[in-house]
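Novice: The structure is given below, and queries will be raised subsequently.
The values are calculated or read from the model by the stated rules, or taken from the named source; none is laboratory data. All values reported here derive from a predicted model rather than from experimental measurement. We place every Cβ from the backbone using ideal geometry, glycine too, and count neighbours over all the protein chains shown.
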Ligand SMILES: [Zn+2]
């Protein structure tokens with residue numbers, strides 16, 4: 001069909017393309033993980049209670065109806081009309097708690113090789129091997145209840161190819177929101193993903209290239225990080241460069257998020273109007289961690305989301321503590337343990353302060369690099385940092401969906417939204433660890449667990 005034939009006539013005589021046209025020309029967020037799929041399949045799901053993701057108190061004896069990809073009814077059992085007939089599949093969870101599918105704001109799907117450094121994986125594995133691993137990681141995450149994930153950086157076309165495979169039904173994956181390659185300075189953090197860009201013109205070009213390739217958002221490396229030759233204590237981009245990235249991304253309808261370990265990089269990113277800060281680690285020039293209330297105030301005033309990725313380093317810390325107990329540590333390991341304790345403690349303390357003292361909107365992100373499917377530990381740590389279980393659930397559902405610009409599709413259990421749902425066996429408001437084990441996972445109307 002020719003483009004002009006797709007135009008519909010507006011009541012005032014202006015020709016406007018239908019919404020579906022924009023969805024086709026823009027990113028392909030609307031498409032699910034596994035298509036083909038019978039759009040007429042109907043589920044009636046009952047549960048002991050529904051926690052809908054909005055923060056409202058649980059609805060007891062709940063029923064949710066899905067048809068095709070969409071939630072068509074939400075209410076109380078006995079008071080909500082439900083469809084009947086041989087095409088209707090019933091799922092009854094009399095002791096189960098029904099919630100929206102979970103959202104991870106930060107992954108790196110091409111990794112997931114525990115015990116290896118970035119440099120090892122990057123030099124040893126081809127894009128093709130990493131693509132296969134990304135498919136496996138995406139499925140593992142989905143089975144842990146993550147029905148939407150935001151991918152924050154992979155090499156070349158790996159994640160774009162993964163999404164193409166998911167759209168064709170070759171792999172089962174969560175909804176994939178992709179940056180493709182992160183924008184980084186020459187020799188900057190993740191430079192081997194191959195999107196180095198410097199100067200105002202350079203970064204503008206990079207944003208356009210990424211959107212051309214299919215990026216849903218722009219990930220910026222605003223400080224160094226774990227990449228061997230970079231310095232995580234110092235900002236990388238200037239405010240002017242960051243501002244150009246944000247302007248160009250927004251101009252193209254895309255949001256931005258910035259990796260910020262150094263305090264200076266947080267200041268620059270907020271000044272430039274970046275939509276989300278990743279990590280917010282507050283690392284000083286001397287490598288120590290120190291919270292800055294005046295920087296927190298700026299984040300709060302700007303309304304910037306923070307994805308504290310509070311679980312990074314936590315499993316490593318656990319392993320070192322276990323080894324210390326069993327067989328003792330080498331001097332090298334003992335030093336790593338000290339450093340690791342300081343990092344994990346400050347992550348929790350800073351998250352608690354950002355939340356309590358400044359009410360900054362927090363979203364849950366794993367920064368999954370070593371292990372996929374290990375999502376709930378981040379929620380447990382957020383609760384430990386002082387967030388209520390309800391606020392942790394909102395941070396991993398509705399608030400996260402709004403932050404990622406998909407709030408109209410997912411993040412709450414409401415009529416008209418995509419049928420992204422999970423069921424767990426016990427009440428996560430009593431104990432957030434209930435989200436460790438999934439009894440049911442439904443993505444886009446298709447049951448996957
Ligand atoms: Zn990351």
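Novice: Inside segment 56-73, can you point out the residues that are farther than 18 Å from residue 409 by Cβ and either at pLDDT below 95 or out of contact with any strand residue (DSSP E or B) (no Cβ under 6 Å at 6 or more places or on another chain) (or both)?
Specialist: 56, 57
Novice: Further question: Taking the conditions exactly as written (surrounded by fewer than 20 Cβ atoms within 10 Å (Cβ to Cβ) and either more than 16 Å from the ligand (Cβ to nearest atom) or closer than 27 Å to residue 214 by Cα (or both)), does residue 239 satisfy them or not? Before you say what the answer is, go through the steps one by one.
Specialist: Details: surrounded by fewer than 20 Cβ atoms within 10 Å (Cβ to Cβ): yes; either more than 16 Å from the ligand (Cβ to nearest atom) or closer than 27 Å to residue 214 by Cα (or both): yes.
Considered against the rule, which asks whether it is surrounded by fewer than 20 Cβ atoms within 10 Å (Cβ to Cβ) and either more than 16 Å from the ligand (Cβ to nearest atom) or closer than 27 Å to residue 214 by Cα (or both), residue 239 comes out as yes.
Novice: Using the structure shown, decide if residue 383 is surrounded by fewer than 20 Cβ atoms within 10 Å (Cβ to Cβ) and within 16 Å of the ligand (Cβ to nearest atom). Walk me through it before giving the result.
Specialist: On the way: surrounded by fewer than 20 Cβ atoms within 10 Å (Cβ to Cβ): yes; within 16 Å of the ligand (Cβ to nearest atom): no.
Criteria not met by residue 383.
Every residue, every condition in (1) surrounded by fewer than 14 Cβ atoms within 10 Å (Cβ to Cβ); (2) under 27 Å from residue 263 (Cα atoms), yes or no:
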{"site": "293", "(1), (2)": "yes, yes"}
{"site": "317", "(1), (2)": "no, yes"}
{"site": "325", "(1), (2)": "yes, no"}
{"site": "331", "(1), (2)": "yes, no"}
{"site": "334", "(1), (2)": "yes, yes"}
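Novice: Against the condition modelled with pLDDT under 95, away from the ligand (no atom under 16 Å from the Cβ) and either over 20 Å from the mean Cα position of the chain (by Cα) or closer than 30 Å to residue 280 by Cα (or both), how does residue 78 come out, does it pass?
Specialist: On the way: modelled with pLDDT under 95: no; away from the ligand (no atom under 16 Å from the Cβ): yes; either over 20 Å from the mean Cα position of the chain (by Cα) or closer than 30 Å to residue 280 by Cα (or both): yes.
Criteria not met by residue 78.
Novice: Is segment 416-436 home to any residue that is assigned to a loop (DSSP other than H, G, I, E, B), closer than 29 Å to residue 256 by Cα and within 17 Å of the chain's Cα centre (by Cα)? Spell out the reasoning first.
Specialist: Let us first name the residues in segment 416-436 that are assigned to a loop (DSSP other than H, G, I, E, B), namely 416-417, 419-420, 425-431.
Checking which are closer than 29 Å to residue 256 by Cα leaves us with 416-417, 419-420.
Okay, now just the ones that are also within 17 Å of the chain's Cα centre (by Cα), so 420.
Looking through segment 416-436, at least one residue is assigned to a loop (DSSP other than H, G, I, E, B), closer than 29 Å to residue 256 by Cα and within 17 Å of the chain's Cα centre (by Cα).
Novice: Taking into account only those residues within segment 359-380 that are more than 16 Å from the ligand (Cβ to nearest atom) and surrounded by fewer than 22 Cβ atoms within 10 Å (Cβ to Cβ), which is farthest from residue 395 (Cα to Cα)?
Specialist: If we filter segment 359-380 for residues that are more than 16 Å from the ligand (Cβ to nearest atom), which is where we start, we get 359-362, 373, 376-377, 379-380.
Okay, now just the ones that are also surrounded by fewer than 22 Cβ atoms within 10 Å (Cβ to Cβ), so 359, 361, 373, 377, 380.
Numbers: 359: 12, 361: 8, 373: 18, 377: 14, 380: 12 Å.
The qualifying residue farthest from residue 395 (Cα to Cα) is 373.
Novice: Can you report the number of residues in segment 388-414 which are closer than 16 Å to residue 177 by Cα and not in a helix (DSSP H, G or I)?
Specialist: Number satisfying all stated conditions: 9.
Novice: Something else now. Filter segment 138-158 for residues that are over 14 Å from the mean Cα position of the chain (by Cα) and closer than 27 Å to residue 222 by Cα; which is farthest from the ligand (Cβ to nearest atom)? Talk me through it step by step, then tell me what you get.
Specialist: Going through segment 138-158, the residues over 14 Å from the mean Cα position of the chain (by Cα) turn out to be 139-140, 143, 154-158.
Now restrict to residues that are closer than 27 Å to residue 222 by Cα: 154-158.
On the way: 154: 11, 155: 14, 156: 17, 157: 19, 158: 15 Å.
Filtering segment 138-158 for residues that are over 14 Å from the mean Cα position of the chain (by Cα) and closer than 27 Å to residue 222 by Cα, the one farthest from the ligand (Cβ to nearest atom) comes out as 157.
Novice: Look through 117, 105, 86, 126 and report the one residue that is within 16 Å of the ligand (Cβ to nearest atom) and out of contact with any helix residue (DSSP H, G or I) (no Cβ under 9 Å at 6 or more places or on another chain). Write out each step before concluding.
Specialist: Working: 105 fails: out of contact with any helix residue (DSSP H, G or I) (no Cβ under 9 Å at 6 or more places or on another chain); 86 fails: within 16 Å of the ligand (Cβ to nearest atom); 126 fails: within 16 Å of the ligand (Cβ to nearest atom).
Criteria check complete, one pass: 117.
Novice: I've got another one for you. With the requirement that a residue be more than 16 Å from the ligand (Cβ to nearest atom), surrounded by 21 or more Cβ atoms within 10 Å (Cβ to Cβ) and without any contact (Cβ under 8 Å) to a residue 40 or more places away in the chain, what does segment 244-287 give you?
Specialist: 246, 263, 270, 272
Novice: Moving to a separate point now. Would you mind telling me which numbered condition in (1) within 20 Å of residue 374 (Cβ to Cβ); (2) within 16 Å of the ligand (Cβ to nearest atom) residue 215 fails?
Specialist: Tallying (1) within 20 Å of residue 374 (Cβ to Cβ); (2) within 16 Å of the ligand (Cβ to nearest atom), residue 215 fails exactly one: (1).
Novice: Among the residues of segment 196-218, which ones are within 12 Å of residue 179 (Cα to Cα) and part of a loop (DSSP other than H, G, I, E, B)?
Specialist: 214, 215, 216
Novice: Would you be able to tell me the number of residues in segment 161-195 that are closer than 16 Å to residue 212 by Cα and more than 16 Å from the chain's Cα centre (by Cα)? Steps first, please.
Specialist: Narrowing segment 161-195 to residues closer than 16 Å to residue 212 by Cα: 161, 163-164, 177-183, 194-195.
Subsequent filtering for residues that are more than 16 Å from the chain's Cα centre (by Cα) retains 161, 164, 183, 194-195.
Counting residues in segment 161-195 that are closer than 16 Å to residue 212 by Cα and more than 16 Å from the chain's Cα centre (by Cα) gives 5.
Novice: Do you know which residues across segment 225-236 are more than 21 Å from residue 151 (Cβ to Cβ), assigned to a loop (DSSP other than H, G, I, E, B) and free of Cβ contacts under 8 Å to residues at least 60 places away in the same chain?
Specialist: Filtering segment 225-236 for residues more than 21 Å from residue 151 (Cβ to Cβ) gives 228-229, 231-235.
Retained after the next criterion (residues that are assigned to a loop (DSSP other than H, G, I, E, B)): 228-229, 231-234.
Correct list: 229, 231, 232, 233, 234.
Novice: Among the listed residues 85, 153, 112, which satisfies the condition of being buried (at least 24 other Cβ atoms within 10 Å of the Cβ) and on the phi > 0 side of the Ramachandran plot?
Specialist: Numbers: 85 fails: buried (at least 24 other Cβ atoms within 10 Å of the Cβ); 112 fails: buried (at least 24 other Cβ atoms within 10 Å of the Cβ).
None of the others qualify; the one that does is 153.
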